[in-house]
Amino acid sequence: MTYAELLRVHGPVDLGSIPTDAAPGFAEGKKAGEAALASLGPELADLQERLWAQRTAGSNRRILLVLQGMDTSGKGGVLRHAVGLVDPQGVRIQSFKAPTEEERSHDFLWRIERAVPEAGYIGVFDRSHYEDVLIQRVRGYAPADEIERRYGAINDFEARLAAEGTTIIKCMLHISADEQKARLFERLQNPEKHWKYNPGDLDERALWPDYTQAYEIALERTSTEVAPWHVIPADKKWYRNLAVAQLLREALEGLDLTWPTADFDVEAELARLAGEQSPR
């Protein structure tokens, strides 16, 4: 069974029933998991280069990786260790913070549309349009009827992207409250990690049940055939990274990427090159 099949959301979502420290699809431990991740590097790099090469032949295909999760769930770690296996020249990363005044004057998807990766790229949303049905729901920044409208708007938006050649991989990094507490303690106890700590993280942590409910609703309402959600157990950092890398590999493999056929006479060019005098 593929990682996509193992981790995909089906039907009603109860995050409390999904283990955060499991390793679906991988029976060995941390050391073997890290080795398996490293071994994916050459294959991912080759697939990415094929994706980019097809862009030169007019292909519209691209990848959009959406990363969501509670604070400390490891979005940055995924970027370094999983996405970091491919050529950074072919990657576009966008992190969506609180909307600016200009962005608030438009529909919530306006700034998202502007960040969609171009053909040939692997685009990554480190947080995404889902913030507009997560934090805005929990904090009451938008009225209930507007939040309700947004679920449908997101599904329509993602369906259009898929029809235009975008393969969408949506990952919810599923961390336990206890593991988050341990990671926050680690940040506070290590001066080298104080820059990663935000006192507001504890304010958000106090709303853990509300965020859990908001995630469950969002996952149920927006996991579709063309843009399914995957819940990634994230207590084990090594497994989290491996699982996302495997989802990326599977998505690229599913595109059946081939090298573009030369649009020139290869034999004639070889003859020209063989017959030329070396530049002096």
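The values are calculated or read from the model by the stated rules, or taken from the named source; none is laboratory data. Computed from a predicted structure; not experimentally measured. No Cβ is skipped: glycine too gets one built from the backbone with ideal geometry, and neighbour counts run over all protein chains shown. Quick note on the areas: whole protein, heavy atoms, side chains included, nothing else; ligands and nucleic acids left out. Shrake-Rupley method; radii C 1.70, N 1.55, O 1.52, S 1.80 Å.
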Item to complete: Return the only residue of V78, V66 being closer than 23 Å to G254 by Cβ, modelled with pLDDT of 95 or more and not in a helix (DSSP H, G or I).
Response: V66
Worksheet item: Taking the stretch 1-20, which residues are within 20 Å of the chain's Cα centre (by Cα) and either acidic (D, E) or part of a helix (DSSP H, G or I) (or both)?
Response: Y3, A4, E5, L6, L7, L15
Response to the item:
Taking the stretch 181-225 and keeping only residues that are in contact with a helix residue (DSSP H, G or I) (Cβ under 7 Å, 6 or more places away or on another chain), of a type outside the set (D, E, K, R) and within 16 Å of V138 (Cβ to Cβ), one is left with L207, W208, Y211, T212, A214, Y215, A218
Worksheet entry | Residue in the stretch 86-99 that is within 28 Å of R249 (Cβ to Cβ) and buried (at least 21 other Cβ atoms within 10 Å of the Cβ) present | yes
Worksheet entry | Residue pairs meeting the criteria (Cβ under 8 Å; at least 6 apart or on separate chains; first over 20 Å from S223 (Cα atoms), in the stretch 57-74; second at pLDDT 95 or above and hydroxyl-bearing (S, T, Y)) | R61/T166; R61/T167
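Would you be able to tell me the number of residues in the stretch 30-56 that are in a loop (DSSP other than H, G, I, E, B) and either at pLDDT 95 or above or surrounded by 15 or more Cβ atoms within 10 Å (Cβ to Cβ) (or both)? If you could, list the steps in order and put the result at the bottom.
Of the stretch 30-56, the ones in a loop (DSSP other than H, G, I, E, B) are 40, 56.
With either at pLDDT 95 or above or surrounded by 15 or more Cβ atoms within 10 Å (Cβ to Cβ) (or both) added as a condition, the list becomes 40.
Selection size over the stretch 30-56: 1.
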Worksheet item: Inside the stretch 236-270, can you point out the residues that are under 24 Å from the mean Cα position of the chain (by Cα), open to solvent by 90 Å² or more (accessible area, probe 1.4 Å) and on the phi < 0 side of the Ramachandran plot?
Response: K237
Worksheet, complete the sentence: Conditions (1) open to solvent by 40 Å² or more (accessible area, probe 1.4 Å); (2) touching a residue at least 24 places away in the same chain (Cβ under 8 Å); (3) under 19 Å from the mean Cα position of the chain (by Cα) -> E225 fails only (2)
Worksheet item: In this structure, does V138 turn out to be β-branched (V, I, T) and either surrounded by fewer than 17 Cβ atoms within 10 Å (Cβ to Cβ) or farther than 14 Å from L65 by Cβ (or both)?
Response: yes
Discussion item. Take the conditions part of a helix (DSSP H, G or I), surrounded by 17 or more Cβ atoms within 10 Å (Cβ to Cβ) and over 11 Å from the mean Cα position of the chain (by Cα) and apply them to R111. Does it pass?
Written reply: yes
Worksheet item: Out of (1) open to solvent by less than 50 Å² (accessible area, probe 1.4 Å); (2) in contact with a His (Cβ under 8 Å, 6 or more places away or on another chain), the odd one out for A162 is which?
Response: (2)
Item to complete: Considering (1) assigned to a helix (DSSP H, G or I); (2) within 21 Å of R80 (Cβ to Cβ), say which one I232 fails and leave the rest.
Response: (1)
Worksheet item: Is there any pair with a first residue in the stretch 197-214 that is under 16 Å from A182 (Cα atoms) and a second that is open to solvent by less than 60 Å² (accessible area, probe 1.4 Å) whose Cβ atoms are under 6 Å apart and which are 6 or more apart or on different chains, and what are they?
Response: Y197/R187; D201/D71; W208/A177
